[in-house]
Structure formats: C-alpha cells, structure tokens
C-alpha cells in the first residue's frame with residue numbers, strides 16, 4: 001500500500017501549510033522566505049506524527065504553535 005502525501009497540506013491536521021518553499025518548487029517562481037524559517041516548533045505535537053509521514057510535508061503554522069484544530 002502506497003501512501004500519497006499532499007505536500008501542500010499539514011500532515012497533522014490536513015489544512016494548507018502555505019509553505020513558500022513547496023510553492024516555489026511546484027511553480028518555479030521565486031517566493032519570499034517561508035514563515036517556517038522564523039517559526040518556533042517547540043510546541044508542535046510532532047511525536048503524534050506517524051514515522052512514515054515525517055519529513056514528507058511541512059506542518060501548518062497553527063500546528064507548529066501547538067494549537068488544536070478549529071472546531072466547525
């Protein structure tokens with residue numbers, strides 16, 4: 001079984017991660033520095049991420065800050 005990973009989505013919550021580096025890779029158009037270059041990831045629940053998904057896609061700013069997903 002192959003897992004398809006959407007690199008534009010946060011692997012923790014599924015929301016758009018807005019990764020400028022991924023946008024540049026996909027479009028070939030230069031982007032400003034990504035928000036993640038200055039982010040503090042110390043509160044991110046990275047230990048909940050399955051090993052197979054680690055290092056495959058950026059997490060979003062909300063997850064990086066350790067905030068829970070918005071409830072609809």
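The values are calculated or read from the model by the stated rules, or taken from the named source; none is laboratory data. Just so you know, these numbers come straight off a predicted model, no measurement behind them. Every residue, glycine as well, gets a Cβ built from its backbone with ideal geometry; the counts of neighbours run over all protein chains shown.
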- Give the residues of region 22-36 that are in contact with a helix residue (DSSP H, G or I) (Cβ under 9 Å, 6 or more places away or on another chain) and closer than 25 Å to residue 70 by Cβ, sorted by residue number. 34, 35, 36
- Note on the structure: Filtering region 56-69 for residues that are out of contact with any helix residue (DSSP H, G or I) (no Cβ under 7 Å at 6 or more places or on another chain), closer than 15 Å to residue 9 by Cβ and in a loop (DSSP other than H, G, I, E, B) leaves a count of 5
- Query: Which members of region 1-16 meet the condition of being touching a helix residue (DSSP H, G or I) at 6+ places or on another chain (Cβ under 8 Å) and surrounded by 13 or more Cβ atoms within 10 Å (Cβ to Cβ)?
  - Reply: 7, 8, 10, 11, 12, 13, 15
- Note on the structure: Filter region 18-33 for residues that are modelled with pLDDT of 90 or more and part of a loop (DSSP other than H, G, I, E, B); the one that is surrounded by the most Cβ atoms within 10 Å (Cβ to Cβ) is 31
